[in-house]
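What follows is a short report on a single structure.
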Amino acid sequence: MPDQRDPAPYDALLLLSFGGPEGPDDVVPFLENVTRGRGIPKERLKEVGQHYFLFGGVSPINEQNRALIDALRKDFAEHGLDGLPVYWGNRNWAPYLVDTLREMAADGRRRIAVLTTSAYASYSGCRQYRENLAEALATLEAEGIEPPRVDKLRHYFNHPGFLRPMVDGVVRSLAELDEGVRAGAHLAFTTHSIPTAAADTSGPVEAHGDGGAYVAEHLDVARVIAEAVREETGVAHPWRLVYQSRSGAPHIPWLEPDICDHLEERHGAGVPAVVMVPIGFVSDHMEVLYDLDTEATAKAAELGLPVRRSATVGADPRFAAAVRELLLERAAAERGLPVERCALGALGPSHDLCPVGCCPARAPRPAAAGADSPYA
């Protein structure tokens, strides 16, 4: 991309995340926020909350977001962007998105670039964040506060700064396996399962179909990482995209196979070891700590199957640099300048502005930062 450090027209970056409890007393209220409108009894939420209670009722995502913010501020300062403030807001727990936007408006921020902690196209991973933004902006407007303009940075699933740390994580995990099983190890690329109906309508309309953009993007990332690992190790490890963290009703089809079922199948096929690669997650939050490090690892131990879990990107300096590049790329484009957009794999860089019909909701709701946004 051009060698320029001008973030204009943006005067702030907002890190927008899911949120998570910070203690045992927060768990059920947090889950009530997540499941609002679904009529799930509190007793059921207490059962679901056991995953959090195993870790003291604390989700790791909040501390990981703080670490990412520190990494972003450090990178910005080192590259002449120390005057660009970084804020943080969550969908489901403090700091709440609406409170952060209220603070940003009070600070005089008028044009905000938004980075979500979700790298791929899907309703829950993109449009729902945009709906939350629109709802928060409408709240500010109802309070008599002029809402700032928000622009969501493009999907970064195939940005080198997101992929390269994961490649290194796989190579390290393979090196941790005993030499006798290392060469034959399979790679299980994992991501959050979603309903197949949501997957099929993910991404722009032209990407809709079997698995939609959600599956296509993950498959492309898996291919890139597997090929990079082959180049570094000299071994072409077999791989498959698998899923985890299903939470829906049993009668509704979700993406499969589940990671635990996959481990059992691989063990039955005589595979000597598996490296689990959580490509669908930016950091080691609860789905990684419980579904992979606890549940899937226990399944592997039961089978006698050696497994390792490779690292997520987290606050890696290369990811922080990628965010800076995404911000400056979008800023230059908004100023009408030509930009070179970094992307690996076969799919190319994603769109800046979500088009009409992209990752549609079951019931239409206003969404910010898109072609159909009421806040343009």
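The values are calculated or read from the model by the stated rules, or taken from the named source; none is laboratory data. Computed from a predicted structure; not experimentally measured. All Cβ positions, glycine included, derive from the backbone under ideal geometry; neighbour counts span all protein chains shown. Heads up: the accessible areas ignore ligands, DNA and RNA and are worked out on the full protein's heavy atoms, side chains in. Shrake-Rupley method; radii C 1.70, N 1.55, O 1.52, S 1.80 Å.
For the reader, a short list of remarks on this structure follows.
- Residues that are over 15 Å from Y10 (Cβ atoms), part of a loop (DSSP other than H, G, I, E, B) and not aliphatic (A, V, I, L, M), drawn from segment 80-112: R91, N92, W93, P95
- Here is the figure for segment 346-362: residues that are over 11 Å from G203 (Cβ atoms), open to solvent by less than 40 Å² (accessible area, probe 1.4 Å) and either of a type in the set (D, E, K, R) or not in a loop (DSSP other than H, G, I, E, B) (or both) total 1.
- Residues of segment 354-374 that turn out to be more than 15 Å from A138 (Cβ to Cβ) and either among the basic types (K, R) or within 18 Å of the chain's Cα centre (by Cα) (or both), as a count: 4
- Candidates in segment 24-42 are the residues that are assigned to a helix (DSSP H, G or I) and charged (D, E, K, R); of these, the one that is farthest from R91 (Cα to Cα) is K42.
- Criterion (over 21 Å from A183 (Cβ atoms) and part of a helix (DSSP H, G or I)) met by exactly one of D220, D210, D284: D220
- R365 being within 24 Å of G161 (Cα to Cα), open to solvent by 20 Å² or more (accessible area, probe 1.4 Å) and in contact (Cβ under 8 Å) with a residue 24 or more places away in the chain: no
- Search result, residues across segment 200-220 that are closer than 11 Å to Y120 by Cα and either hydrophobic (A, V, I, L, M, F, W, C) or over 18 Å from the mean Cα position of the chain (by Cα) (or both): A213, V215, A216
- Considering segment 287-301, and only residues there that are open to solvent by 40 Å² or more (accessible area, probe 1.4 Å) and either among the β-branched types (V, I, T) or not in a helix (DSSP H, G or I) (or both), the residue that is nearest to V242 (Cα to Cα) turns out to be T297.
- Every residue from segment 40-56 that is over 19 Å from S245 (Cβ atoms) and either touching a Ser or Thr at 6+ places or on another chain (Cβ under 9 Å) or open to solvent by less than 70 Å² (accessible area, probe 1.4 Å) (or both): G56
- P148 being open to solvent by 10 Å² or more (accessible area, probe 1.4 Å) and not small (G, A, S): no
- Selection count, segment 316-338, where residues are open to solvent by 40 Å² or more (accessible area, probe 1.4 Å) and over 12 Å from G161 (Cβ atoms): 5
- Considering residues of segment 82-132 that are open to solvent by 40 Å² or more (accessible area, probe 1.4 Å) and closer than 23 Å to G209 by Cα only, the residue nearest to the chain's Cα centre (by Cα): S124
- Residue in segment 43-51 that is of a type outside the set (S, T, Y), assigned to a loop (DSSP other than H, G, I, E, B), modelled with pLDDT of 90 or more and within 20 Å of D284 (Cβ to Cβ) present: no
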